[in-house]
Every structure is written in structure tokens, then in C-alpha cells.
Amino acid sequence: MSQPTSPSGEERDLDAEFAALMGDLDLPADLRQDLAGTSAPGNRLELAAEGPQPRETPLTGRVDPDSVPHNTYKPPQEDELTEEQRAQVAALSAALDAGVPEAKAVKVAVVLTPLTNAEALAALVSMSDLDCVVVPARSGAFAVKEFVSAHAEWDIEELLGGTDTEPAEAAELAATLSRLSRAGAVLLTADLASDVGVESGLSGTITARGYVGGQAGQEASAGLILSGVDQVVEDVLLGVTRAEDVPGAMRSSEVRVPRTMRWLSRGLRRPSQD
């Protein structure tokens, strides 16, 4: 590359002119040495020659693929996990599945009576050849029967009350105990399910029906009846407490009754005369 010329036609020494201009400035000694070094002929060319030079791409309107940074992302491979890691993942998945409770649906029937003595009620039930758990309560001893529901999930007809939600054994027990007094007995039936579908926790329906003289009456308000009895009745009905775990509870089949009392109690199961 040729040096620029002056108006007289002589070549100009630009480095010398620049050094002369900078000579009047008060610069530090180290900066003066740097300027003196860069003003040496060919020095800038030597500095430019050091290190890799950028690749010149002709201005043709096309992009050179080699000059564009490449994406280093790679899709995950199937063999990224070792056999040991796969075993650990499988064990963790099994542990999580084991901690999820299975959905279940049960029926709990509670028969409320006016008797205050649970042992006497258990003896009367035993003499009638019926099996249940008798639980004492201040509002009156009550009999409990638990049934396994025929469904694993709720049926729409049962939710709408389209099917009979009172098990036959529970109705027989309520009809038998209703002959013990003129006030009769009340049958509470809870059709409950836990963790069904997207619902978590307890859900279901509770019905109430009065029995007098062995005959079923009209349905009653379950909430109103539960508000007038001990809390243990609601706890057993909703499955919060098992009937066998209540202090003083006993199973009627385990109560020994003399043969004479069994003969006298035959009238309990006799249907009433209209």
C-alpha cells in the first residue's frame, strides 16, 4: 500500500507527523514507549498477523454454514440411565403407588333404640339369632352392622336414590328391635366411599327411616336425628370410629343367653298383626 503524497508530490511520513503532534503532550513514560513502539514501520502489520484471522466471506448474499454457531442440544437417548438408576426409579415409583389408599365403598347401618343397657340389647339381639355389634351411648344403646358395598365407585342411580340403599339384614334388624318399645327404632344407613375419582376424602349419602312394631315407616331427616344423639353415633356411622373400638361395645353372637330366655324371646321376630 503506497503512502499518501503531499501537494508537492513528495511522500508523507504519517508516523513521523503523528509523533511530532504527540510530542507536545505531557504523556506518561510508559504510554510514550507504547506509542513509540507502534510507530515503528511494519509494527501494525505484525500485530495484525498474530492470532487467527477471521474468515472473509464474499458478499454474495449467501451465509456460510461454517461461520454460524451450531446448536449443541441433543435429544435424550434411551440409554442415558444405567441399570442401577432404572432400578431406583422403579423402586421409588412402587413406593409412591403403595402410599396411595385404594378407593373403597361400604355401607354402615346403625339402629337406634331407647334401651340404655347395651348388654341387655346385645342379649335380645342374640336371642333373635341376629349378629351385630352393640355400642353403649347415653342417648340409648345402638346396634351396628357393616356391609361391603357391591360397587367400587358410585353408581348414578344410587346417588339419585333410584335403588334401595337399605340392606335387607339391616332392615330385618331394625324391624326386630322396633318391637322392644312403643317408640320403635330408627335405622340410619350410610353409603360411603373414600377417594373416589378426583374426589379425595369421604363422600356419600346418609338416610334415616323409622320402624314401629316391625314395620318400616317414612323416611326422616338424618341430620335432625344425629343432632339429638351422642357424637359416638355419628362417628361410627361415618366410619371415623369402628364400632368394635368403642369402650363397652360387644358382639351379640358372643353373648351367652340361657335357653329359657331364648324361648321367651321368640315373639321378638314374630310379624305384627294388622
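Need pairs with beta-carbon distance below 9 Å; first residue under 18 Å from residue 184 (Cα atoms) and assigned by TED's automatic domain parsing to the domain that holds residue 134 and within segment 219-238, second part of a helix (DSSP H, G or I) and not aliphatic (A, V, I, L, M); sequence gap 6+ or separate chains.
From residues that are under 18 Å from residue 184 (Cα atoms) and assigned by TED's automatic domain parsing to the domain that holds residue 134, the pairs are 226/234.
If you check 176, 260, which single one turns out to be modelled with pLDDT of 90 or more and among the β-branched types (Val, Ile, Thr)?
The unique qualifying residue is 176.
Does segment 208-223 contain any residue that is loosely packed, with under 14 Cβ neighbours inside 10 Å and assigned to a helix (DSSP H, G or I)?
Yes, the conditions are met somewhere in segment 208-223.
Okay, residues lined up against (1) at pLDDT below 90; (2) touching a Lys or Arg at 6+ places or on another chain (Cβ under 7 Å); (3) at positive phi:
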residue: 185; (1), (2), (3): no, no, no
residue: 189; (1), (2), (3): no, yes, no
residue: 208; (1), (2), (3): no, no, no
residue: 213; (1), (2), (3): no, yes, yes
residue: 227; (1), (2), (3): no, no, no
residue: 240; (1), (2), (3): yes, no, no
residue: 243; (1), (2), (3): no, no, no
residue: 256; (1), (2), (3): yes, no, no
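Return the total of residues in segment 229-238 being touching a strand residue (DSSP E or B) at 6+ places or on another chain (Cβ under 7 Å), at pLDDT 90 or above and assigned to a loop (DSSP other than H, G, I, E, B).
Total meeting the criteria: 1.
The values are calculated or read from the model by the stated rules, or taken from the named source; none is laboratory data. All values derive from a computational prediction rather than experimental measurement. Here the Cβ is made from the backbone with ideal geometry for all residues, glycine too, and neighbour counts use every protein chain on show.
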